[in-house]
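Everything on this sheet refers to the single structure shown next.
The numbers here are math on the coordinates, done by the rules we state, and not lab data. Predicted model only: the values in this text are computed from it and were never measured. For neighbour counting, all protein chains shown are included, and Cβ atoms are generated from backbone atoms with ideal geometry for every residue, glycine included.
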Amino acid sequence: MDWLYTKGIPIEAQYLYRKGLEMSRQGKTEMAMKYLRQAVIIAPGYSKAIYEMGNCFAQLGRFTEAIERYDRSIQIDPFAPDPRVKKEEIISRKGNDH
C-alpha cells in the first residue's frame, strides 16, 4: 500500500481510509464502509474518504446514498473530478433503467 500523507487530515483517519480502500479492493464492501465511516468521524472534511464511501454505496446498489456522498465530497473539494464523474454515471444508469 503506497503512503502519501494528506496535509490537514489526522494520521489515524488516513490509516482508516487506506484500510477501507484495501477492503474495498478485496470485495469486502461492508468492512470497507466501517473503516471509511471511522475515518470520516475523525476527519469530517476528508473528501477522499467520503468519495470512497459513495463508491461502496454504489457497489451495494444504494445509489441515493452514493450520490449524497459524491455531493458532499464535491462540496468539500469542488475541483476533484472523480465524484462528479461517478455521480453522472449513476444518474445516467438510473435514467436508462426505465
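Of note:
- Trypsin sites (Lys or Arg not before Pro) restricted to the range 1-94 and DSSP loop, no more than 15 other C-beta within 10 Å: K7, K28, R62
- Take the chain and mark each of the chymotrypsin sites (Phe, Trp or Tyr not before Pro) that is in a DSSP loop with at most 14 other Cβ atoms within 10 Å; the longest unmarked stretch, sites excluded, is 6-78.
- Straightening the chain between L60 and K94 buys 10.8 nm, computed as 0.36 nm per residue apart minus the Cα-Cα spacing.
- Dipole magnitude (debye, nearest 20) for the chain, charges at Cβ of Lys, Arg, Asp, Glu: 120 debye
- Computing FRET efficiency as 1/(1 + (r/R0)^6) for A80 and M31, where r is the C-beta to C-beta distance and R0 is 30 Å, gives about 0.75.
- Look at the alpha carbon pairs under 8 Å that are at least 6 residues apart: their mean separation over the length of the chain gives a relative contact order of 19 percent.
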